[in-house]
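All remarks here apply to the structure that follows.
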Amino acid sequence: MTDSASSQAGEKRSDQVDSKGLKGGALGLLSSVVVGMASTAPAYSLAASLGFIVASGGALLAGVKAPGIVLLAFIPMYLIAVAYQELNKAEPDCGTTFTWATRAFGPITGWLGGWGIIAADVIVMANLAQVAGSYSFTFMGDLGLTGVADLANDQFWSTVAGVLWIVIMTWICYRGIELSARIQYVLLGIEVVVLIMFAVFALIRVYTGSAESYSLTPTLDWFNPFTLDFGSVIAPAVLTAVFIYWGWDTAVSVNEETADPSKTPGRAAIISTLLLLGTYALVTVAAVAFAGVGTDGVGLGNDANSADVFAAIGPALFGDSTLGNLAMLLLSASILTSASASTQTTILPTARTALSMGVYRALPARFAKIHPRYLTPTWATLAMGGISIGFYLLFTLISVQLLGALIGSVGLMIAFYYGLTGFACVWYYRRSMWSSFRNVIMRGLFPLLGGLMLTAAFVYGLQQYATVDWLTDDNGDNVTIFGIGAVAVVGIGALVLGVVVMLVWWAVNPNFFRGRTLPRQSDDLVLATTEAESIPRFGLPDSKLMPTMIAPDLSNLPPGQTAVNAETGEEVSTPGDLPLPTRNGIRAPRSTTSSLRVIERPCLHQIPDQS
């Protein structure tokens with residue numbers, strides 16, 4: 001823990017903070033699952049992505065095999081969720097991929113992993129804000145304000161509304177993790193209920209013969225995508241489908257604010273992906289069945305419907321009756337709440353990644369600042385909101401069509417840092433995984449397969465995205481940058497920009513890159529806590545207060561508390577009493593990032609060296 005973080009922690013109540021000053025124990029398993037699912041924005045993600053999975057630029061892509069693509073995309077998501085779970089057991093740090101990749105591969109790889117998270121979140125915020133802004137007016141129009149509804153297609157006012165949504169959600173994230181989670185309970189509940197209603201109603205109309213003339217009856221073959229070409233169809237379609245699952249890792253990003261941080265976040269990630277699979281499979285089958293994959297009417301192959309499939313299908317599905325208008329109102333509400341909820345939960349992991357990078361001096365120290373009352377990242381949260389607004393305005397001014405390129409570009413970023421996490425897990429546990437068959441599978445095989453699958457999707461998808469005719473505008477013109485497909489340029493450009501920023505910061509402050517602030521070896525001191533050690537308190541339904549994390553130099557040890565060495569049973573009264581970590585029999589300098597937790601009689605122990 002850094003000196004600044006130590007001093008901040010020392011200023012706060014000893015029962016409310018962890019090593020970085022975040023509010024420990026604020027979230028339980030249920031809250032973490034809600035945050036993880038809400039971060040994926042199920043309704044918005046399907047509305048914005050399903051059309052692009054079915055077709056691209058009006059040309060059929062996955063077609064009726066879209067449910068199979070959704071199922072196939074789940075496989076690497078689940079495998080990487082396992083990697084997150086296993087790495088989080090060793091080091092529950094809110095920097096996630098940044099911290100773990102640094103531990104496994106060194107500072108350069110770790111820094112780029114952290115940048116991948118930040119870049120993906122900033123890029124997608126522009127698309128989220130555009131949808132939230134536009135749907136704000138659509139929703140008001142469904143309430144009866146028909147004049148206001150026309151503003152949904154007005155670029156200026158949609159942009160203004162989108163910026164306001166970013167400001168509002170940034171403020172909510174700034175005010176505290178518990179407020180953020182409470183709001184997610186409501187927003188997620190609305191969209192899940194509406195999505196199930198949409199799917200059930202669509203399937204009823206299909207099976208009763210009251211659907212469209214081009215509607216289709218579902219078959220099991222829809223779930224078999226392997227009859228499609230991998231390079232030209234499966235890879236780009238999977239990258240787009242990966243986007244609809246992306247976000248569950250937010251449940252792990254808030255690990256330092258979670259009860260039982262070494263276990264709960266990983267479990268929440270796994271549960272979130274499984275729940276998302278069931279939701280997406282049901283809705284995708286229903287949408288393909290009712291709308292078909294052709295270009296007629298509300299067909300999902302119609303390029304005009306790809307930007308928002310629910311807005312296209314809704315009127316034909318529900319009709320103009322009173323109940324139909326009410327259903328459309330609920331559908332609009334679900335898209336609005338989904339996009340706004342994801343706007344909020346996109347800020348959460350980015351701010352915490354930047355916080356961790358600031359603590360370890362991979363970014364300026366100001367990113368490590370914590371609000372003394374709300375216990376949230378201050379500068380990191382506000383910076384995320386401000387940068388997102390700037391990026392959104394830039395893309396809107398250049399070309400509104402470029403906003404359509406963002407989903408594919410984000411898919412590249414997701415594949416990059418998710419894949420890196422999978423490889424980091426294998427390398428981190430390369431020595432200890434052989435201790436049991438379970439560890440070979442969960443810490444070796446699954447993360448490796450997930451990383452390889454996402455790497456293949458990245459390479460082949462990038463080739464397709466780079467083609468000049470991959471994305472077209474309303475006039476049928478190709479959307480390119482420097483003569484290359486805009487989707488590929490935005491994605492690779494973001495990574496290149498990260499390399500430039502990294503080199504600049506390396507020149508300004510090289511300590512992190514020299515391994516001084518976050519060493520590659522795993523020699524941190526931690527406390528193995530149990531569920532029984534947490535203290536119930538008032539807050540979210542499943543929140544608990546976890547023990548305080550303090551610095552290894554005991555600088556913020558609460559008065560009256562005592563530390564005990566778990567191996568010797570001796571009291572630790574001064575930093576000099578702590579055993580120095582050894583490596584290959586040689587006593588190494590004590591890590592400045594080591595930490596321990598305090599309970600009534602705290603115990604210190606070292607986690608196994610996994611490097």
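The values are calculated or read from the model by the stated rules, or taken from the named source; none is laboratory data. Fair warning: this is a prediction, and the values are worked out from it, not measured in the lab. So basically every Cβ, Gly included, is an ideal-geometry build from the backbone, and we count neighbours across all protein chains shown. Calculation scope for accessible area: heavy atoms of the full protein, side chains included, ligands and nucleic acids excluded. Shrake-Rupley method; radii C 1.70, N 1.55, O 1.52, S 1.80 Å.
In table form, for the structure just shown:
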| read-out | value |
| --- | --- |
| Test for G231: is it part of a loop (DSSP other than H, G, I, E, B) and over 17 Å from Y280 (Cβ atoms) | no |
| Residue list for segment 409-433, restricted to those being open to solvent by 10 Å² or more (accessible area, probe 1.4 Å) and either at pLDDT below 85 or among the β-branched types (V, I, T) (or both) | V426 |
| Number of positions in segment 42-90 that are within 28 Å of A351 (Cβ to Cβ) and either modelled with pLDDT under 85 or open to solvent by less than 20 Å² (accessible area, probe 1.4 Å) (or both) | 21 |
| Residue in segment 177-196 that is out of contact with any His (no Cβ under 6 Å at 6 or more places or on another chain) and at pLDDT 90 or above present | yes |
| The listed residue being touching an Asp or Glu at 6+ places or on another chain (Cβ under 9 Å), within 30 Å of W115 (Cα to Cα) and either crowded, with 18+ Cβ neighbours inside 10 Å or of a type in the set (D, E) (or both), out of S338, S332 | S338 |
| Test for F243: is it more than 20 Å from the chain's Cα centre (by Cα), in a helix (DSSP H, G or I) and either under 19 Å from L300 (Cβ atoms) or at pLDDT 80 or above (or both) | no |
| Meets criteria (closer than 23 Å to W505 by Cα, buried (at least 24 other Cβ atoms within 10 Å of the Cβ), out of contact with any strand residue (DSSP E or B) (no Cβ under 9 Å at 6 or more places or on another chain) and not small (G, A, S)) for L363 | yes |
| Filter pass, A181 being part of a helix (DSSP H, G or I) and under 16 Å from the mean Cα position of the chain (by Cα) | yes |
| Options G25, G95: the member that is open to solvent by less than 10 Å² (accessible area, probe 1.4 Å), in a loop (DSSP other than H, G, I, E, B) and at positive phi | G25 |
| Test: A457 is farther than 30 Å from T159 by Cα, open to solvent by less than 10 Å² (accessible area, probe 1.4 Å) and assigned to a helix (DSSP H, G or I) | yes |
| Meets criteria (within 23 Å of I190 (Cβ to Cβ) and either of a type in the set (S, T, Y) or open to solvent by 50 Å² or more (accessible area, probe 1.4 Å) (or both)) for T322 | yes |
| Filter result (modelled with pLDDT under 85, among the polar types (S, T, N, Q) and either farther than 20 Å from N478 by Cβ or in contact with a Leu (Cβ under 9 Å, 6 or more places away or on another chain) (or both)) within segment 382-401 | T396, Q401 |
| Residue match in segment 292-308 (condition: open to solvent by 10 Å² or more (accessible area, probe 1.4 Å), at pLDDT 85 or above, assigned to a helix (DSSP H, G or I) and touching a helix residue (DSSP H, G or I) at 6+ places or on another chain (Cβ under 9 Å)) | no |
| Residues located in segment 223-245, provided they are more than 26 Å from L471 (Cβ to Cβ) and either open to solvent by less than 60 Å² (accessible area, probe 1.4 Å) or of a type in the set (K, R) (or both) | N224 |
